[in-house]
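The values are calculated or read from the model by the stated rules, or taken from the named source; none is laboratory data. All of these numbers come straight from a predicted model, not from anything done at the bench. Backbone-built Cβ (ideal geometry, glycine too); neighbour counts: all protein chains shown. Surface areas here come from the heavy atoms of the whole protein model, side chains and all, with no ligands, DNA or RNA. Shrake-Rupley method; radii C 1.70, N 1.55, O 1.52, S 1.80 Å.
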Amino acid sequence: MKTSIYITNQVIMAAVGNDDGRKLNVTGCYRTELPEGLVDSGVVADADALRQQLSDFFKRNNIPRKKINLVLGNDIVMLKTLDAPIIPHARLKQVARNEMGGHRDEENALIYDYAVLKPAPGENGMGRIMAVSADKEVVQRYLDVFAAAKISLGGIDVAQNCASRLCERLSELAGRTFVLAFLIGSEMTSMLFSGNECLIINRIQLYEDRGTPSAAVEISRGLSSMVQFNYTLNAEHPLTNIYLSDLTGEEKQFLGEMVEALGVPVGPLLLPAEITGPYAKLEYPDFGVYFFCLGGLLKA
């Protein structure tokens, strides 16, 4: 059994389950709100308070404290997708470092890694990788918080990579062009996918009160920019859907107006057949809330 956890400025989310390569057996998904000021733009701001929140969260939900996969938010890492030869790990890691400007990192303040997106070589003998760099001190703060909470990390992943891998696994999404949009408090993060690859991420601050007509207009405007971007960049693959997660009951009443304004079906992402187990039997209609956590459960 594996646990995947994702922390934002406003919430802690976790998923517990097991991936057998075909089905993702999920025993439970959990979430708790964070007080303001503990995490700022993805960076740990109050380590002791976050440690206490994290420890209480694991204890309250009886979550195993070993083999934890920490999913880092896209706002604290730099990402670059590129074609590269699929060569031994050490050499490919050096390719990722060079691509992310590591040869200029004289103080060694950054850490570098990569994820293989398409391991099978294409016609040019190249595969597709996602190169990653992150501030070493920022990552270390998370490591220190988990160690202080007596929670054992088994690995670290990036939200975008987790989302891409889950999109590829789910038959409903694999290969298609769509937007995944996540509403968390007063923020909306939108990700445009095409062919299992994330083309762009857009994050906006919502200033109107959630659940109001004016907030629905604000959300529609944010989604409209993604529709226009796809049309400009990727016109041969039009959007099939916009999946909007964590809508309130009041906001769901405005979905019809959003569809009319955007010209694309808009609604929550329904639970797919590939996700099974106790969690799937609880009839959660909006599993997209835990998308990054669930992607973090998949085998690398």
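For ARG169, which of the numbered conditions (1) within 21 Å of ARG128 (Cα to Cα); (2) open to solvent by less than 50 Å² (accessible area, probe 1.4 Å) fails to hold?
Condition not satisfied by ARG169: (2).
Please work out which residue is most open to solvent (accessible area, probe 1.4 Å), limiting yourself to segment 286-300 and to residues that are outside any loop (DSSP other than H, G, I, E, B) and modelled with pLDDT of 90 or more.
Filtering first and then ranking leaves TYR290.
Looking only at segment 5-28, which residues are more than 15 Å from the chain's Cα centre (by Cα) and either surrounded by 20 or more Cβ atoms within 10 Å (Cβ to Cβ) or of a type in the set (Asp, Glu) (or both)?
Across segment 5-28, the qualifying residues are VAL16, GLY17, ASP19, ASP20, LEU24, VAL26.
Just one of (1) closer than 30 Å to LYS2 by Cα; (2) open to solvent by 60 Å² or more (accessible area, probe 1.4 Å) trips up ILE87, so point out which.
Looking at each condition in turn, ILE87 falls short on (2).
If I ask for residues that are within 21 Å of LYS136 (Cα to Cα), open to solvent by 60 Å² or more (accessible area, probe 1.4 Å) and touching a helix residue (DSSP H, G or I) at 6+ places or on another chain (Cβ under 9 Å), which ones from segment 29-44 would you list?
Hit for segment 29-44 is SER41, nothing else.
What strands (runs of 3 or more DSSP E), lying completely within segment 1-117, carry at least 3 residues that are touching a residue at least 40 places away in the same chain (Cβ under 8 Å) and in contact with a Leu (Cβ under 8 Å, 6 or more places away or on another chain)?
2-7, 11-19, 24-33, 68-72
Can you confirm whether segment 276-283 contains a residue that is of a type in the set (A, V, I, L, M) and under 30 Å from LYS67 (Cα atoms)?
Yes, segment 276-283 contains at least one residue that is of a type in the set (A, V, I, L, M) and under 30 Å from LYS67 (Cα atoms).
Just one of (1) part of a loop (DSSP other than H, G, I, E, B); (2) open to solvent by 10 Å² or more (accessible area, probe 1.4 Å); (3) in contact (Cβ under 8 Å) with a residue 12 or more places away in the chain trips up ALA235, so point out which.
Going through the list (1) part of a loop (DSSP other than H, G, I, E, B); (2) open to solvent by 10 Å² or more (accessible area, probe 1.4 Å); (3) in contact (Cβ under 8 Å) with a residue 12 or more places away in the chain, ALA235 breaks only (3).
Mind telling me which of the residues SER194, SER225 ends up being out of contact with any Phe, Trp or Tyr (no Cβ under 9 Å at 6 or more places or on another chain), within 26 Å of THR81 (Cα to Cα) and free of Cβ contacts under 8 Å to residues at least 60 places away in the same chain?
It is SER225.
Can you tell me how many residues in segment 241-285 are assigned to a loop (DSSP other than H, G, I, E, B), touching a residue at least 12 places away in the same chain (Cβ under 8 Å) and polar (S, T, N, Q)? Don't jump to the end; show me each part of the working.
Looking only at segment 241-285, we keep the residues that are assigned to a loop (DSSP other than H, G, I, E, B), and these are 246-248, 253-254, 263-265, 268-274, 277, 283-285.
Next, only the ones that are touching a residue at least 12 places away in the same chain (Cβ under 8 Å) stay: 246-248, 254, 263-265, 268-274, 277, 284-285.
Next, from what is left, pick out any that are polar (S, T, N, Q): 248.
Looking only at that region, the number is 1.
Criterion first (surrounded by 17 or more Cβ atoms within 10 Å (Cβ to Cβ) and within 18 Å of ILE184 (Cβ to Cβ)) does GLY249 satisfy it?
Criteria not met by GLY249.
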